[in-house]
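In what follows, a structure is listed as structure tokens, so that the remarks can point back to it.
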Amino acid sequence: MNVIVIGAQWGDEGKGKVIDFYGSQAEYIVRYQGGNNAGHTLVVNDSKIVLHMIPSGILHGDKICLIANGVVFDPSAFFKELEHLQSLKVLSAVPQEQIRISERAHLILPYHQRLDQLRENQAAKTHTNIGTTQKGIGPAYEDKASRYGIRCIDLLEPEALALQLQRVLAEKNSLFQHYFQTVAMEFEPLYQDCLQWGERLRPFMADVREILLEALKHQKPVLFEGAQGALLDLDHGTYPFVTASHTSAAAAFTGSGVGLKYPVQVVGVTKAYTTRVGLGPFPTEMEQESAELAAQIRQVGEEWGATTGRARRIGWLDLVALKYAVDMNGISSLALTKSDVLQNIDIIKICTSYRLHGNTIYHFPASASDLSQVEPVYEVMSGWGVYESSLMHTLADLPHELQNYIKFIEQFLGIPIILLSTGPGREETLIISNPFQEELAH
Ligand code: IMP
């Protein structure tokens, strides 16, 4: 069996830890969308490691990590991340055999970041910004869609690259100078950087689709590592407050170039509550109801963005939104993270429907304006006090109230919770069943 792990909320669900665990079961680990806007946090031997671009399988030594065609790839950020891992002694040498980058992956270049930043700053003046990570993700996907993009393989063809870069820069510079009233970006230093990146990337570049197909044909277990979250999906998320890629499970196939023929289970990751970083509607946000409780959860759960350091907004678990994510992605089981963060809270709320214009609704509205006006309808449950995560070996060991909470979620969504994270460390994980060993139900 192969597994796709995706975030079932607005990102930051604790996917890093879940992916790290499933990565230990797989032989191939694939990033297929997004870029270094992702921040997958892992705690290994009490040290915190944040991965933005490199698949988390890199920490397991013997895994093949693939960066597939659907990713937007920032070469400068990639080499910085590699060097950082080496400085932490997580990697001893540059693992060229272990990391394979698709020749077809589109590049994030410095003008993409600059455009992202200028746009966000400009829009902030009229409060119409999205709150992006400012890593250049949107502008890079825009160039890809408008056939202006530069791909990894293009770095190895200097003459064609020069022409392409001149054409793109002419357009970007017109925007920089005339619309944003700032300085132009020079061609020559950027061109030289591109040539150098090309040479450094050459040993990593490969036909990733071919490698993956061989693995799948030979029934090697593959983990597709989703980034961001279902509600940030370009088509199905809370548009326009979304990222520029498809974060839904289906993107694992388009973003890696393998067909729909191989068996796969989709595991959604959700926190026991909800967070959102960046702007946009958030029905169960608790800030207005109880800023104090939100601050406590932020503190205990260390809810600051792994990529940007921004404070995450905090809210109760929203089952209307989660059901939408489950249906949209064919999620067949869930990993529930951070229930330990809600320890010591007497009353826990869980949203089961919304009130909108005097009606009760059970669906997730498409309109950003409706979504910002809905009032959550809550089921109120007792909290579960404090538990010692090292003593939680089976579901029956969990506090009764937490068992009830889990059952409530499972019944509402009609799917099981198969992994429960009871703390940040690798060992603080309760495994209920293993998707790599599951047969597909026909
Ligand atoms: P972008 O992906 O940088 O364009 O940002 C678009 C929106 O997605 C913003 O609200 C970001 O905060 C959010 N976002 C992007 N990547 C992540 C992530 O990995 N976790 C959580 N939110 C993210």
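Inspection of segment 309-323 finds no residue satisfying the criterion of being over 20 Å from the mean Cα position of the chain (by Cα), free of Cβ contacts under 8 Å to residues at least 40 places away in the same chain and open to solvent by less than 60 Å² (accessible area, probe 1.4 Å). Regarding segment 212-233, can at least one residue be identified that is open to solvent by 40 Å² or more (accessible area, probe 1.4 Å), more than 25 Å from Leu109 (Cα to Cα), more than 16 Å from the ligand (Cβ to nearest atom) and under 21 Å from the mean Cα position of the chain (by Cα)? No, segment 212-233 contains no residue that is open to solvent by 40 Å² or more (accessible area, probe 1.4 Å), more than 25 Å from Leu109 (Cα to Cα), more than 16 Å from the ligand (Cβ to nearest atom) and under 21 Å from the mean Cα position of the chain (by Cα). Count of segment 353-368 residues, restricted to those that are modelled with pLDDT of 95 or more and outside any loop (DSSP other than H, G, I, E, B), is 7. Kindly check whether there is at least one residue in segment 396-411 that is more than 28 Å from Phe436 (Cα to Cα) and within 16 Å of the ligand (Cβ to nearest atom). Checked against the condition, which is being more than 28 Å from Phe436 (Cα to Cα) and within 16 Å of the ligand (Cβ to nearest atom), segment 396-411 yields no hits at all. Quickly run through segment 235-261 and pick out the residues that are over 20 Å from Ala105 (Cβ atoms) and open to solvent by 30 Å² or more (accessible area, probe 1.4 Å). Hits for segment 235-261 are Asp235, His236, Tyr239, Pro240, Phe241, Leu260, Lys261. One residue stands out in segment 416-442 among those that are of a type outside the set (Gly, Ala, Ser) and surrounded by fewer than 12 Cβ atoms within 10 Å (Cβ to Cβ): the one that is farthest from Asp20 (Cα to Cα), namely His442. Would you confirm whether any residue within segment 11-30 is part of a helix (DSSP H, G or I), surrounded by fewer than 22 Cβ atoms within 10 Å (Cβ to Cβ) and in contact with a strand residue (DSSP E or B) (Cβ under 7 Å, 6 or more places away or on another chain)? Within segment 11-30, one or more residues are part of a helix (DSSP H, G or I), surrounded by fewer than 22 Cβ atoms within 10 Å (Cβ to Cβ) and in contact with a strand residue (DSSP E or B) (Cβ under 7 Å, 6 or more places away or on another chain). Determine whether Arg298 is of a type in the set (D, E, K, R), within 23 Å of the chain's Cα centre (by Cα), closer than 30 Å to Leu109 by Cα and surrounded by 17 or more Cβ atoms within 10 Å (Cβ to Cβ). So Arg298 fails the test. Criterion first (under 14 Å from the mean Cα position of the chain (by Cα) and among the aliphatic types (A, V, I, L, M)) does Ala291 satisfy it? No; evaluated as a whole, the condition is false for this residue.
Tell me which residues, restricted to segment 369-415, are assigned to a helix (DSSP H, G or I), open to solvent by less than 70 Å² (accessible area, probe 1.4 Å), hydrophobic (A, V, I, L, M, F, W, C) and more than 27 Å from Ser332 (Cα to Cα). Of everything in segment 369-415, nothing turns out to be assigned to a helix (DSSP H, G or I), open to solvent by less than 70 Å² (accessible area, probe 1.4 Å), hydrophobic (A, V, I, L, M, F, W, C) and more than 27 Å from Ser332 (Cα to Cα).
The values are calculated or read from the model by the stated rules, or taken from the named source; none is laboratory data. Computed from a predicted model, the values in this text were never measured in an experiment. Backbone-built Cβ (ideal geometry, glycine too); neighbour counts: all protein chains shown. The protein model used for the area step is the full one, side chains on, heavy atoms only, and it has no ligands, DNA or RNA in it. Shrake-Rupley method; radii C 1.70, N 1.55, O 1.52, S 1.80 Å.
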